[in-house]
Amino acid sequence: MKILFICHNLTDGGAERVCVDVANGLSLLGHEVLILTDTSAPITYEPNPVVKIINQVPATGRISMRLNAFRQLYQLM
């Protein structure tokens, strides 16, 4: 199964750590796991090498940020 997680960044914070832990666990079960995140920020919680990290294109403004995110999700499918 192909699973996509969307996380603003992987720097500090509980939700970020849970995202990486769950992604690592699912990848060990044989699933294809992707994390869409901002890679310009330092990564505190490093996922397994099997988990693919996709750079979220930064955008200014709330509407353009959402449109960019939807465009990236459409391209991944």
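Once both labels are positioned 7 Å from their Cα atoms along Cα-to-Cβ, the gap between residue 74 and residue 41 label points is 2.6 nm. Compared with the alpha-carbon gap, the fully stretched path from residue 54 to residue 28 is longer by 7.5 nm at 0.36 nm per residue.
Rolled with a 1.4 Å probe across the full set of protein chains, the surface gives residue 46 an accessible area near 130 Å².
With a cut-off of 8 Å between alpha carbons and a minimum separation of six or more residues, what is the relative contact order of the chain in percent? Averaging sequence separation for qualifying contacts and normalising by length gives 30 percent for the chain. Projected label points at residue 62 and residue 9, each 7 Å from Cα along the beta carbon direction, are separated by 2.1 nanometres. Between the Cα long axis of helix 62-76 and the first principal axis of the chain there is an angle of about 50°, rounded to the nearest 10.
In the chain, the longest principal axis of the Cα atoms and the axis of helix 14-28 are about 50 degrees apart.
Can you tell me how the stretch 12-56 classifies by the Cα gyration tensor, rounded, prolate or oblate, using a/c under 1.5 as the rounded cut?
Details: a/c = 2.23, a/b = 1.40, b/c = 1.60.
It comes out oblate by the Cα gyration axes.
Its Cα gyration tensor gives the chain an equivalent ellipsoid; the semi-axes, largest first and in whole Å, are 21, 16, 9. Farthest towards the positive end of the charge dipole of the chain, among the residues 54, 34, 69, is the Cα of 69, using unit charges on the Cβ of Lys, Arg, Asp and Glu.
What does the charge dipole of the chain about its Cα centre add up to, to the nearest 20 debye, if the Cβ of each Lys and Arg holds +1 and the Cβ of each Asp and Glu holds -1?
340
The values are calculated or read from the model by the stated rules, or taken from the named source; none is laboratory data. This structure is a prediction, so every number in the text was calculated from the model and none was measured. Don't worry about glycine lacking a Cβ; one is built from the backbone with ideal geometry, like all the others, and counts go over all protein chains shown. Each accessible area value is taken on the protein alone, full model and side chains, heavy atoms only, with ligands, DNA and RNA left out. Shrake-Rupley method; radii C 1.70, N 1.55, O 1.52, S 1.80 Å.
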